[in-house]
Amino acid sequence: MISFTKTFKVLSVIAFSSVLFLMSCGMKNPTRNEAPDLFGIYTSTLDGKNMKMIVSDSYREINHARVSPDNKWITFTRFNLRGPNGLAEEKHVLYGKTEIMIIRTDGTGLESLTPPRRGIVAANSYWTPDSKGVIFISNDNPKRQKELHYISLATRKIRRVPTPKNILPGDPHQVGDWIVFPTFDFKGEKNVIWIMKADGEEARQLTRPIVPKAPKKQKQTVGNWQYGDFDPKISPDGTKVAFWRHVPGGQLNWHTFIIDIKTGEEIDLSPKNTFDGMPEWSSDGKLLIFYHIDPKNIRKMGLYTIKSDGNERKKISLPKGYLYSQPSFFPGEGSGEKTRIIFSAKKVPQLK
């Protein structure tokens, strides 16, 4: 049986790379001490104005925030196991006590849909198209591997979402009747993207990345488990999937890709030697939003947008002093300057 530790090392690349970036800037323990709003989920408009905190936490990371299609609720993941620095962060791969949270878009009604239990994973939720529930990754007990699950907002009942046997699904995303998710190909030692109907039918592998083979004597650390494709998102019209891929050239070399579901044709939207993370579509399909890390130029780090053809790459002018990540658009608002976005942020005074 594959251990949870190895499985979730794959899923923690985003936070691990952020730590590498801070280290490269010469920052030692930049946020070791707790603060009332150390971690937060925020909204703003696409022009970078009107930044507003929705919820915060003094020591627990809160991320993967996504707004329901009816714009009434936000779902997100909360971490609870403290790491070596006293903080409960994704970078320490401490998924064993995560929980799925919800909160109204006005910042009221904070509640846990899956109260935390030691050894139980409940993370990386995404709304179903009807706004009646969320799909997420979870295990039933500490000895079981993770699977896709659905929880109803009204009844709080949880059921398994069927997936093919002998695969370990990751962060799910649903548009219409289709769900995409990453899974680890243990034979090829790489992450790949799968797509299927919501009922588990017509499942197939969508991406086939070519990755360098790790040396035989090299240990299976986080750095050796990050090859391949992650965090897929189906376009609003259901014809394409955006994702990010680790490409040859170093630990921080991640690109945003788009694949045509029908033809399999891929487009790389990122320039060479770039870290572009977790792309998400605008509701009109015109833009992708993602977060960017540049260890050589701290001023370039932040949230960006780009057209689906790779043109008009643009940084969003948000306040300094934060490490921004995992952005997403509000559903149904298009891609204009006043379109609202939601994202995670960690206060890092050294970034001012």
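The values are calculated or read from the model by the stated rules, or taken from the named source; none is laboratory data. Fair warning: this is a prediction, and the values are worked out from it, not measured in the lab. Cβ placement follows ideal geometry from the backbone for every residue including glycine, while neighbour counts extend to all protein chains displayed.
So here's what we get for this one:
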read-out: Tabulated pairs, the range 118-135, first more than 23 Å from PHE230 (Cβ to Cβ), second part of a strand (DSSP E or B), C-beta under 9 angstrom, 6+ apart or interchain; value: ARG118/LYS97; GLY119/LYS97; SER131/TRP73; LYS132/SER152; GLY133/TRP127; GLY133/TYR150; GLY133/ILE151; GLY133/SER152
read-out: Residue match in the range 140-162 (condition: surrounded by fewer than 22 Cβ atoms within 10 Å (Cβ to Cβ), among the hydroxyl-bearing types (Ser, Thr, Tyr) and touching a residue at least 40 places away in the same chain (Cβ under 8 Å)); value: no
read-out: Candidates SER131, SER125, filtered to the one that is modelled with pLDDT of 95 or more, under 23 Å from ILE41 (Cβ atoms), crowded, with 20+ Cβ neighbours inside 10 Å and in contact with a Lys or Arg (Cβ under 8 Å, 6 or more places away or on another chain); value: SER125
read-out: Residue list for the range 95-126, filter: in a loop (DSSP other than H, G, I, E, B), in contact with an Asp or Glu (Cβ under 9 Å, 6 or more places away or on another chain) and of a type in the set (A, V, I, L, M); value: LEU113
read-out: Elements of type strands (runs of 3 or more DSSP E) in the range 19-72, at least 1 residues being loosely packed, with under 14 Cβ neighbours inside 10 Å, at pLDDT 95 or above and over 18 Å from the mean Cα position of the chain (by Cα); value: 52-57
read-out: Residue, surrounded by the most Cβ atoms within 10 Å (Cβ to Cβ), within the range 73-110, restricted to residues that are at pLDDT 95 or above and acidic (Asp, Glu); value: GLU99
read-out: GLY321 vs. criteria touching a Leu at 6+ places or on another chain (Cβ under 6 Å) and farther than 24 Å from ALA123 by Cβ; value: yes
read-out: Unmet criterion (only one of (1) over 20 Å from ARG60 (Cα atoms); (2) of a type in the set (A, V, I, L, M, F, W, C); (3) crowded, with 20+ Cβ neighbours inside 10 Å) for TRP178; value: (3)
read-out: Total residues in the range 174-203, condition under 16 Å from VAL161 (Cβ atoms) and of a type in the set (D, E, K, R); value: 5
read-out: Filter pass, ASP185 being of a type in the set (D, E, K, R) and closer than 26 Å to PHE329 by Cβ; value: no
read-out: The range 163-172, subset within 22 Å of the chain's Cα centre (by Cα) and not in a strand (DSSP E or B), residue surrounded by the most Cβ atoms within 10 Å (Cβ to Cβ); value: PRO172
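Quick grid of which residues meet (1) in contact (Cβ under 8 Å) with a residue 24 or more places away in the chain; (2) among the aromatic types (Phe, Trp, Tyr); (3) in contact with a strand residue (DSSP E or B) (Cβ under 6 Å, 6 or more places away or on another chain):
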| position | (1), (2), (3) |
| --- | --- |
| GLU266 | yes, no, yes |
| PHE275 | yes, yes, yes |
| PRO279 | yes, no, yes |
| SER282 | yes, no, yes |
| HIS292 | no, no, yes |
| ARG299 | no, no, no |
| TYR304 | yes, yes, yes |
| GLU312 | no, no, no |
